[in-house]
Amino acid sequence: HDFNNLLTVINGYCHLVRSRLAEGGPEQRELDEIARAGDRASELTRQLLAFSRQQILEPRVLDLNAVVGAMERMLGRLIGADIELMFRAGEPLDPILADAGQMEQVLLNLIVNARDAMTQGGVITVETANIEVNASGTNFVVEGTAVEPARGPLARTPEVPAGRFVTLTVTDTGSGMDAETVSRIFEPFYTTKDVGHGTGLGLSTVHGIVSQSGGHVAVYSEPGLGARFRVYLPRTAERPQPAEAASSAEPPARGTETILAVDDDPLVLRLVSEILSLQGYTVLRAGNGQEALILLEDTNRRIDAMITDVVMPGWSGREVAHRLAGARSELPIVFMSGYLGEDSDMLGSLLGSRIAFVQKPFTPDLLLARVRDVLDGTASEAA
């Protein structure tokens with residue numbers, strides 16, 4: 001929590017200063033290096049949170065084939081010219097309920113792991129399918145009305161419960177792993193790579209994301225025979241919505257509303273206030289939940305939205321939100337946190353058109369976008 005607060009302040013002010021400099025100048029290039037280092041540190045904390053299953057996921061109905069297809073060109077560039085990348089998409093694929101960004105992270109980490117196992121080149125195969133698992137763990141491939149037993153490695157997965165799943169399978173022709181390595185492969189910081197070549201968080205992050213999404217991961221490998229990872233994701237009866245065309249990046253919208261900012265860390269509170277003030281908002285500050293509630297209970301005071309840390313001494317941001325009543329009961333809220341602990345599942349259930357979440361550390365643009373979303377009642381559409 002404290003580490004993410006520090007990163008929030010470092011990254012936030014770096015982005016603010018950079019935005020005030022002329023494009024292409026030496027100072028801007030130096031700030032870009034600082035920002036890149038901050039982004040790498042932020043990604044490391046996100047991977048730790050993913051492993052510990054403390055991230056807020058924003059699930060929506062997805063076609064896994066669409067997620068994989070959108071990454072195909074990028075993955076081809078990632079693996080290099082000496083490795084062949086093959087895709088086999090199961091059709092028609094059942095929809096899943098998952099966080100699209102996290103599913104991309106799962107695929108990316110599995111591909112990187114496969115690439116690193118093939119220093120002399122080889123083949124990586126990515127497959128999607130509908131899989132029915134029976135009580136004994138036998139896998140059946142379902143294509144339309146046809147059902148047939150799965151063949152080869154992972155034809156049986158007794159550790160996966162019976163049911164119907166959408167699967168993502170990544171197979172490589174690399175060096176393979178012995179039984180001891182397979183038994184430890186999802187442990188955080190466990191790696192067979194040389195020092196300085198990887199954090200040992202890639203596969204543990206996969207395991208954390210998939211588990212938090214209600215799924216399972218199975219692995220089969222032998223020395224000299226490559227490896228196969230299969231991700232099992234529960235299907236949903238809902239249908240995916242057509243993807244909207246991506247719009248070009250636009251500067252964050254300005255606002256004239258009054259925002260109550262709440263955080264027990266004075267550095268974060270000052271940063272949030274400055275980000276909002278620079279975009280035209282009027283900002284009220286509170287250093288804890290009790291101060292926030294005093295301001296909120298003054299019905300003569302205009303407050304259009306609240307942005308609050310989740311984890312604070314005394315009353316948390318969640319408790320402040322629960323104490324809102326009367327005219328403030330529908331107040332738009334942006335929750336922010338670097339570590340949620342046991343509040344993760346609860347907070348995820350609260351998200352909606354006027355309640356959003358932003359993970360620390362965040363960029364000024366992301367914070368401003370979330371504030372604008374809850375004010376406009378479009379937070380659930382932006383998720």
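Values computed for the structure shown
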read-out	value
Wholly within the stretch 334-383, helices (runs of 4 or more DSSP H) carrying at least 3 residues that are at pLDDT 60 or above and within 15 Å of E257 (Cα to Cα)	364-376
Residue tally, condition surrounded by fewer than 18 Cβ atoms within 10 Å (Cβ to Cβ) and either in a helix (DSSP H, G or I) or among the β-branched types (V, I, T) (or both), over the stretch 74-99	4
Residue in the stretch 245-264 that is surrounded by the most Cβ atoms within 10 Å (Cβ to Cβ), counting only those that are at pLDDT below 95 and among the polar types (S, T, N, Q)	T256
Qualifying residue in the stretch 79-100 (condition: of a type in the set (V, I, T) and within 19 Å of the chain's Cα centre (by Cα))	yes
Inter-residue pairs, beta-carbon under 9 Å, first in a helix (DSSP H, G or I) and in the stretch 16-33, second polar (S, T, N, Q), 6+ apart	R18/Q28
Any hit, the stretch 46-60, residues being modelled with pLDDT of 85 or more and touching a Leu at 6+ places or on another chain (Cβ under 9 Å)	yes
Matching residues, the stretch 101-121, being buried (at least 19 other Cβ atoms within 10 Å of the Cβ) and not polar (S, T, N, Q)	M103, V106, L107, L110, I111, A114, R115, A117, M118
Where R301 falls short, out of the listed (1) more than 15 Å from L331 (Cβ to Cβ); (2) in contact with a helix residue (DSSP H, G or I) (Cβ under 8 Å, 6 or more places away or on another chain); (3) not hydroxyl-bearing (S, T, Y)	(1)
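The values are calculated or read from the model by the stated rules, or taken from the named source; none is laboratory data. All values derive from a computational prediction rather than experimental measurement. In this analysis, Cβ positions are derived from the backbone assuming ideal geometry, glycine residues included, and neighbour counts consider all displayed protein chains.
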